[in-house]
Amino acid sequence: MKTVNHWIGGKTVEGASGNYGPVTDPATGEVTTQVALASVEEVDTAVSVAKAAFETWGQSSLAARTKVLFAYRALLDSHRDDIAALITAEHGKVHSDALGEVARGLEIVELACGITTQLKGELSTSVSNRVDVAAIRQPLGVVAGITPFNFPAMVPMWMFPLAIACGNTFVLKPSEKDPSASVKLAELASEAGLPDGVLNVVHGDKVAVDALLAHPDVSAVSFVGSTPIARYIHTTASANGKRVQALGGAKNHMLVLPDADLDAAADAAVSAAYGSAGERCMAISAVVAVGAIGDELVQKIRERAEKIKIGPGNDPTSEMGPLITKAHRDKVASYVTGASAQGADVVLDGTGHTVEGFEDGHWIGLSLLDHVSTDSDAYRDEIFGPVLCVLRTETYEDGVELINASPFGNGTAVFTRDGGAARRFQLEIQAGMVGVNVPIPVPVGYHSFGGWKDSLFGDHHIYGNDGVHFYTRGKVVTTRWPDPADAPAGVDLGFPRNH
């Protein structure tokens, strides 16, 4: 059986703890790989190596760093299919989704390639008599990233390229459910010329996570995952004096107004709710239909959802793959089987779906629930699967009130032809990312990604300007130099004595 080991100091390091976790092919249900789970001592080794590497990398020139990053970008581009194949094999998403994930990660690598402009400081001259003030940004040291299973390449690339471009060294703890993509990313970084120890990958479970949160040489922690864990990461790491950005869960709403193009809204709802099997924090999981359009909209969504082909991710005809584990599949199914008892109309029930020849895979079909109440489990919880809830309101104001009452505030969207209504929505809605006729408003790399309320813990969003600020700290230098003409008698610097 294949074993995925750690990557420390520019090379593969076999696990020493004796503990391993299973990695499953979601399409077959077969355990294909084992991943080494790090002990506290192994985490300490990785941090120590990163700390030693920082002594040189933190002092390196911007030209040296960007040279490596440009080479890295080229290697990632040429290995897109290889990385995507690893994602499909361990996560289960279809190849096109996996390629899209790599492409979005590459955006942040490209942003990191332009770090020279992002790190420009500020200078004010002559703020007083011969006094100048400069503001500069410097790296933190060793920083850590803890990333989720649903985007095993993209989310790490949202973190470490920008961190190392700023001069930090990095310890990545990826999800133990699909670890191979992260190791491939580290191997390619080494091939691009990244010095040993600048990027390290340590696999593990809660033992490894807690070791990073407590380690005195880790200056900052980035996290993406569920809200309960994000809250724990933020509380624990902050108590240990670390800077933290912890992105949590979501319940993203799509408000559809009576004047909307219902065909476009239905297309958007299906792709946003069921793409990547709904295993993404920016998925639309709640459609709020305003006025009398609800029945027609639900019918259009149903017609489209019934045509989605579900199958193995490596089958080019598949449009949606399996869920990551059997346990997660069963949990997602429970929201559908219990929906009717909580007042919902089950328009589509995907819980009995199987794929011929792959009966042991973690399959679930598309589910659509209508007339969902705000106090039901299917609405309140982040399901993280292909389940779309439809809620009804009479007015725009009722819809906004419903959305703003949610404890989550990650992303949201409005579908309308009315510019005035769209303008009101983007100002009145309480969420960090807003789409207008765009169902999944994930910002491009040079803007920052992050939500509000229980979807974000910490002051900084991820990547973009916020990412640069998170991975650096500001310093202000106030300087006063005497005029050379005022040099002591007997010292001739060649300046005239009259001024």
* Asked: Is there any pair linking a residue in the range 163-192 that is within 19 Å of Asp82 (Cβ to Cβ) to one that is in a loop (DSSP other than H, G, I, E, B) and among the charged types (D, E, K, R), with Cβ under 8 Å and at least six apart or on different chains, and which?
  -> Ser190/Asp196
* Structure fact -> Of the listed residues (Thr125, Thr169, Thr117, Thr147), the one being surrounded by fewer than 18 Cβ atoms within 10 Å (Cβ to Cβ), modelled with pLDDT of 95 or more and among the polar types (S, T, N, Q) is Thr125
* Structure fact -> Within the range 197-213, the residues that are in contact with a helix residue (DSSP H, G or I) (Cβ under 7 Å, 6 or more places away or on another chain) and open to solvent by 50 Å² or more (accessible area, probe 1.4 Å) are Val207
* To do: Would you mind finding the one in Pro258, Pro316, Pro216 that is without any contact (Cβ under 8 Å) to a residue 40 or more places away in the chain, open to solvent by 50 Å² or more (accessible area, probe 1.4 Å) and out of contact with any strand residue (DSSP E or B) (no Cβ under 7 Å at 6 or more places or on another chain)?
  => Pro216
* To do: For Arg424, work out the one condition from (1) among the basic types (Lys, Arg); (2) modelled with pLDDT under 95; (3) in a helix (DSSP H, G or I) it doesn't fulfil.
  => (2)
* Filter the range 431-440 for residues that are at negative phi, out of contact with any Leu (no Cβ under 7 Å at 6 or more places or on another chain) and assigned to a loop (DSSP other than H, G, I, E, B); which is surrounded by the fewest Cβ atoms within 10 Å (Cβ to Cβ)? -> Val438
* To do: Mind listing whichever residues of the range 18-45 are hydroxyl-bearing (Ser, Thr, Tyr) and in contact (Cβ under 8 Å) with a residue 60 or more places away in the chain?
  => Thr24, Thr28, Thr33, Ser39
* Structure fact -> Going through the range 171-208 in order, the residues found to be in a helix (DSSP H, G or I) and more than 19 Å from Pro148 (Cβ to Cβ) are Glu187, Leu188, Ala189, Ser190, Glu191
* Asked: When residues of the range 1-15 are filtered for being of a type in the set (Val, Ile, Thr), open to solvent by 20 Å² or more (accessible area, probe 1.4 Å) and under 16 Å from Thr45 (Cα atoms), how many remain?
  -> 2
* Hits in the range 264-279 (condition: open to solvent by 30 Å² or more (accessible area, probe 1.4 Å) and either at pLDDT below 95 or of a type in the set (Gly, Ala, Ser) (or both)) -> Ala264, Ser271
* What are the residues in the range 226-255 that are of a type outside the set (Lys, Arg), in a loop (DSSP other than H, G, I, E, B), surrounded by 19 or more Cβ atoms within 10 Å (Cβ to Cβ) and touching a helix residue (DSSP H, G or I) at 6+ places or on another chain (Cβ under 8 Å), if any? -> Gly248, Gly249
* Structure fact -> Filter the range 441-464 for residues that are of a type in the set (A, V, I, L, M, F, W, C) and open to solvent by 40 Å² or more (accessible area, probe 1.4 Å); the one that is farthest from Ile233 (Cα to Cα) is Val444
* To do: Answer yes if at least one residue in the range 249-263 is modelled with pLDDT of 95 or more and within 30 Å of Thr66 (Cα to Cα), and no otherwise.
  => no
* Could you tell me whether the range 119-141 includes any residue that is in contact (Cβ under 8 Å) with a residue 12 or more places away in the chain, touching a helix residue (DSSP H, G or I) at 6+ places or on another chain (Cβ under 7 Å) and acidic (Asp, Glu)? => no
* Asked: Taking Val198, is it in contact (Cβ under 8 Å) with a residue 60 or more places away in the chain and over 20 Å from the mean Cα position of the chain (by Cα)?
  -> yes
* Structure fact -> Residues of the range 292-348 being hydroxyl-bearing (Ser, Thr, Tyr) and farther than 13 Å from Leu368 by Cα, in sequence order, are Thr317, Ser318, Thr325, Ser334
* Quick one: in the range 281-313, of everything that is part of a loop (DSSP other than H, G, I, E, B) and free of Cβ contacts under 8 Å to residues at least 40 places away in the same chain, which residue is least open to solvent (accessible area, probe 1.4 Å)? => Lys309
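The values are calculated or read from the model by the stated rules, or taken from the named source; none is laboratory data. Fair warning: this is a prediction, and the values are worked out from it, not measured in the lab. Note that we place each Cβ from the backbone using ideal geometry, even for glycine, and neighbour counts take in every protein chain shown. For accessibility, only protein heavy atoms count, side chains too; no ligands or nucleic acids. Shrake-Rupley method; radii C 1.70, N 1.55, O 1.52, S 1.80 Å.
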